[in-house]
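S.K.: Handing you this structure, nothing more for now.
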Amino acid sequence: MEVKRLTGVFGAEVRISDVRRLDEEGIASLRALVCEHEVVVLPGQNLGVSDQVELSRRFGPAGPAPFIEPSPDHPEVIKVLKQASDGDAFNFGGAWHSDFSFQPEPPSFTLLFAIDIPPYGGDTLWASMTAAWKHLSAEKKAELLSVTAVHTARDAYSRKMQPLHSGLSGMNIVCDDTANDTELHPLVVSHPETGRQALFFNRAYVRDLVGVEPERVGPLLDWLHAFTTDARFTLRHRWSPGDLVIWDNRSTQHYALNDYAGFRRELHRTTVAGSRPGS
Ligand code: SIN
C-alpha cells in the first residue's frame with residue numbers, strides 16, 4: 001500500500017487498486033493505518049452497496065444506527081443524501097460530532113463512500129482529538145482527566161428537532177424522545193487499539209459535564225468546542241466520486257459542510273460497532 005500523509009498532524013491517503021480484494025493481512029494493515037492516521041482516504045474505489053457492507057463487516061459488525069432510516073435493501077447502510085431541490089436545508093452531519101457518541105458503545109469506525117458529489121462544496125472536515133489532547137498544558141490535562149462528559153442526542157434527534165431534518169427529501173430522519181437519554185463517558189479516553197489518549201468530546205452530543213462546578217460547565221463546553229476544532233487540528237477533504245474515507249470515531253470528530261445548495265450530494269455510510277470508551 002502506498003501511504004501519503006495529508007497534513008503534519010493526521011490523515012493519510014492510501015493507494016490501493018481495489019479495496020475489495022484485500023486479504024486478511026491487507027485488512028489488518030488498513031485497520032492499523034486508520035488507527036494510526038485517524039482518517040484514511042482511498043481514492044478510485046468501485047463499491048456497490050453490498051461491497052461496502054462486506055468491507056465494513058471485515059472491520060467488525062455493524063453498530064446500531066438510530067433515528068435514521070437505512071437503505072431499504074441494506075439495513076446497515078445510510079444513504080447520506082441531499083437532493084438539488086433541497087436547497088439550503090440543514091444537511092446530515094452538519095455540526096461537529098463523533099458518530100453516535102451518545103451510545104453506551106459508540107462506533108469504532110465509519111466508512112463513507114462518495115457516489116455523487118457537487119461541482120464545488122460539500123467537503124468534510126475532521127478534527128484529531130489526539131492532537132488536541134497532546135497540545136494541552138499539563139495543568140489543563142490534569143483538570144480534564146477528572147471530568148466526565150454527558151452525551152445525549154437530545155439537541156439533535158428529540159421530537160423538537162424534527163423540523164430541522166425535514167428539509168431533506170431523500171433521507172428519512174425520525175426523531176423521538178429516546179434521544180433524551182444520556183450516557184456518561186470519560187472526557188479523556190485511551191484508544192483501545194493504540195493506547196493513545198484523546199479527548200472524547202463533540203459539541204453536538206456532549207451537553208453537560210460532571211466533575212466541574214455548575215457555573216463553569218457552559219464556558220468549559222464552549223472552550224472545548226473552540227479548542228478541539230481549531231484549524232491546526234483539522235483536515236478537510238474535497239470529495240470525488242469513488243473516494244472511500246474510513247475514519248476512527250474514537251479519536252476524531254467531523255463536520256459536513258453545507259455550501260452546495262442547488263446540487264445533489266450522495267454518499268453511503270456504514271458504521272462499525274465499538275466498545276465502551278475507557279480512560
Ligand atoms: C456524517 O456525519 O457521517 C456525514 C459526513 C458527510 O456527509 O460528509
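S.K.: Give the stretch 10-36 a look and list any residue that's touching a Lys or Arg at 6+ places or on another chain (Cβ under 7 Å) and not small (Gly, Ala, Ser), or say none.
M.R.: Matches in the stretch 10-36: Glu13, Ile27.
S.K.: Using the structure shown, decide if Ala149 is within 21 Å of the chain's Cα centre (by Cα), at pLDDT 95 or above and open to solvent by less than 70 Å² (accessible area, probe 1.4 Å).
M.R.: yes
S.K.: Next question. Which of the residues belonging to the stretch 238-279 are part of a strand (DSSP E or B) and within 19 Å of Leu55 (Cβ to Cβ)?
M.R.: Residues satisfying the conditions are Leu244, Val245, Ile246, Trp247, Asp248, Glu266, Leu267, His268, Arg269, Thr270, Thr271, Val272.
S.K.: Another question, then. Quick one: which of Ser108, Ser158, Ser101, Ser128 is in contact with a Lys or Arg (Cβ under 7 Å, 6 or more places away or on another chain) and open to solvent by less than 10 Å² (accessible area, probe 1.4 Å)?
M.R.: Testing whether each residue is in contact with a Lys or Arg (Cβ under 7 Å, 6 or more places away or on another chain) and open to solvent by less than 10 Å² (accessible area, probe 1.4 Å) leaves just Ser108.
S.K.: Still on this model: State all residues of the stretch 135-170 that are out of contact with any strand residue (DSSP E or B) (no Cβ under 9 Å at 6 or more places or on another chain), of a type in the set (Lys, Arg) and under 27 Å from Gln197 (Cα atoms); if no residue qualifies, say none.
M.R.: Residue satisfying the conditions is Lys140 alone.
S.K.: In the stretch 175-216, what residues are out of contact with any His (no Cβ under 8 Å at 6 or more places or on another chain), of a type in the set (Val, Ile, Thr) and either in a loop (DSSP other than H, G, I, E, B) or open to solvent by less than 20 Å² (accessible area, probe 1.4 Å) (or both)?
M.R.: Selection gives Val188, Val189, Thr194, Val212.
S.K.: Next question. For the stretch 131-146, how many residues are open to solvent by less than 20 Å² (accessible area, probe 1.4 Å) and of a type in the set (S, T, N, Q)?
M.R.: 0
The values are calculated or read from the model by the stated rules, or taken from the named source; none is laboratory data. Owing to the predicted nature of the structure, the values given are computational and were not obtained by experimental measurement. In this analysis, Cβ positions are derived from the backbone assuming ideal geometry, glycine residues included, and neighbour counts consider all displayed protein chains. Each accessible area value is taken on the protein alone, full model and side chains, heavy atoms only, with ligands, DNA and RNA left out. Shrake-Rupley method; radii C 1.70, N 1.55, O 1.52, S 1.80 Å.
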